[in-house]
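A.B. asks: Below is the structure I would like to discuss, written out as structure tokens.
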Amino acid sequence: MTFEVHTAMRADRLVADLLKIGRNEANGLIKSGAVFFDGVAVRKPSVIVEAGGRLSVAPIRKAADQRRKQVDFNVDILYEDDDLLVINKPRGIVVHGALSVKSATLVDWLKAKGIALSNISGEDRMGIVHRIDKETTGALLIAKSNDAHRALSRQLEKREMGRYYIAAIDRRLKNDVIVDKPIARHRTIRVKMTTAKIGREAKSAFIRLADLSGGRSLIACKLFSGRTHQIRTHLQSIGAHIIGDSLYGYNSSSAGGVLPIFLHAYLLYFRHPKSGEATRVKAPLTAHFEELLNELGEKKDEILEVERIERGFNVLCGLHNAAEGAGGT
């Protein structure tokens, strides 16, 4: 792959931006000798690549990466037809491969099962239309053909496809809220993201579903953009943290040990790429999430009704849009 360089920039940042990968993965490509500027190998991630030249990235794959990784997990399929499938991603499974990923991925599982997959995103990302974080569970959409992948990607770009997430947070969410703050990579902790004046625009909606014991809340989350760690970052910006998410500020010591992250992609909605039919797939909560919500008793099913959640978002977004309209006049 070859790119025109229009702005002087550090090599690792430039490679990460051009390939839409993490900085660590970009560093690995540079150190492996796969990155060239005007035909000369770039050896150090910190090198400033000047504007006006051409940056090339050679396809490489180490012998160890070529060996099929051992798949020692299973995944529940929630929906499947000739064009796509929706799975309920377990906790702790990475969606697709990268230089830093040593364990089997969801793509490895799909290949081991012999499931037909689209290949327009490359070998490591076969079938992957969108992704969710390693520790996040829930609904994930997989394309079986390139035509289906292209159609679904267009929906994702236009936000005609989306997900409602369920999360448990460590404080009371007093008011439903829309957070509209740009997100960028943290300056010193590279595995984190943060809100920043200069970043990629990001917008999230949060509604309170129920109060939980210990001053906690069960909430639903809706994304209007798809940034890395967006829900976790935007919640931190308003002083809330997902239970179990110590990276973004949850105090795990107060819980008496390490907890899983209570963030679940609950409902996936899209139009079927062939029929155009509106399709919704709900992903059952994990056992640890169900256990947390046992205190809600018989009210739990009512609280988690998709129609109720959708009404909440419609009301919040309607009020937000009206306020924005009034502010612009």
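The values are calculated or read from the model by the stated rules, or taken from the named source; none is laboratory data. All figures in this text were calculated on a predicted structure; none of them were measured in a lab. Note: ideal-geometry Cβ built from the backbone for every residue, glycine included; neighbour counts use all protein chains shown.
A.B. asks: Out of the residues in region 121-136 that are in a loop (DSSP other than H, G, I, E, B) and among the β-branched types (Val, Ile, Thr), state the one that is surrounded by the most Cβ atoms within 10 Å (Cβ to Cβ).
C.D. replies: Looking at residues that are in a loop (DSSP other than H, G, I, E, B) and among the β-branched types (Val, Ile, Thr), I get THR136.
A.B. asks: Which of the residues spanning region 248-268 are surrounded by 17 or more Cβ atoms within 10 Å (Cβ to Cβ) and in a helix (DSSP H, G or I)?
C.D. replies: TYR248
A.B. asks: On to the next question. In a strand (DSSP E or B) and at negative phi: is that true of ILE231 in this structure?
C.D. replies: For ILE231, the condition - in a strand (DSSP E or B) and at negative phi - is not met.
A.B. asks: Just to be sure, is ALA143 more than 14 Å from GLN236 (Cα to Cα), of a type in the set (Gly, Ala, Ser) and in contact (Cβ under 8 Å) with a residue 40 or more places away in the chain?
C.D. replies: Yes; evaluated as a whole, the condition is true for this residue.
A.B. asks: With the condition being under 22 Å from ASN251 (Cα atoms), at pLDDT 95 or above and within 17 Å of the chain's Cα centre (by Cα), I'd like the strands (runs of 3 or more DSSP E) fully within region 137-223 carrying at least 1 qualifying residues.
C.D. replies: 137-143, 162-169, 193-195, 203-212, 216-223
A.B. asks: So, one more: Quick test of your reading of the structure: ASP81 fulfils all but one of (1) under 14 Å from LEU141 (Cα atoms); (2) out of contact with any Asp or Glu (no Cβ under 9 Å at 6 or more places or on another chain); (3) surrounded by 15 or more Cβ atoms within 10 Å (Cβ to Cβ). Name the failing condition by number.
C.D. replies: The failed condition is (3).
A.B. asks: Going by the conditions given, is ALA265 at pLDDT 95 or above, of a type in the set (A, V, I, L, M) and more than 26 Å from VAL101 (Cα to Cα)?
C.D. replies: It is false that ALA265 is at pLDDT 95 or above, of a type in the set (A, V, I, L, M) and more than 26 Å from VAL101 (Cα to Cα).
A.B. asks: Further question: Which of (1) touching a residue at least 60 places away in the same chain (Cβ under 8 Å); (2) part of a loop (DSSP other than H, G, I, E, B) is the odd one out, the single condition SER118 does not satisfy?
C.D. replies: SER118 satisfies all of (1) touching a residue at least 60 places away in the same chain (Cβ under 8 Å); (2) part of a loop (DSSP other than H, G, I, E, B) except (1).
A.B. asks: Would you check which residues across region 6-53 are part of a loop (DSSP other than H, G, I, E, B) and either under 22 Å from the mean Cα position of the chain (by Cα) or in the same structural domain as ARG185 (by TED's automatic domain parsing) (or both) and list them?
C.D. replies: Within region 6-53, LYS20, ILE21, GLY22 qualify.
A.B. asks: Right, something else. Can you pull out every residue in region 96-110 that is crowded, with 20+ Cβ neighbours inside 10 Å and closer than 15 Å to THR137 by Cα?
C.D. replies: THR105, LEU106
A.B. asks: Does ARG163 meet the test of being touching a Phe, Trp or Tyr at 6+ places or on another chain (Cβ under 8 Å), among the charged types (D, E, K, R), more than 20 Å from VAL75 (Cβ to Cβ) and in contact (Cβ under 8 Å) with a residue 40 or more places away in the chain?
C.D. replies: Against the criterion (touching a Phe, Trp or Tyr at 6+ places or on another chain (Cβ under 8 Å), among the charged types (D, E, K, R), more than 20 Å from VAL75 (Cβ to Cβ) and in contact (Cβ under 8 Å) with a residue 40 or more places away in the chain), ARG163 does not qualify.
A.B. asks: Any idea how many residues of region 137-174 are under 18 Å from LEU223 (Cα atoms), surrounded by 24 or more Cβ atoms within 10 Å (Cβ to Cβ) and of a type outside the set (Phe, Trp, Tyr)?
C.D. replies: Adding up the residues that qualify gives 9.
A.B. asks: Follow-up question, since we're still on this one. What pairs come up if the first residue lies in region 3-28 and is farther than 15 Å from ALA41 by Cα, the second is among the charged types (D, E, K, R) and part of a loop (DSSP other than H, G, I, E, B), and their beta carbons are under 6 Å apart, counting only those six or more places apart or on different chains?
C.D. replies: Cβ pairs passing all conditions: ALA8/GLU50; ARG23/ARG190.
A.B. asks: Considering region 61-90 alone, what residues qualify as being part of a loop (DSSP other than H, G, I, E, B) and at pLDDT below 95?
C.D. replies: If the condition is that a residue be part of a loop (DSSP other than H, G, I, E, B) and at pLDDT below 95, then ARG61, LYS62, ARG67, ARG68, LYS69, GLN70, VAL71, ASP72, PHE73, ASN74 are the ones that fit.
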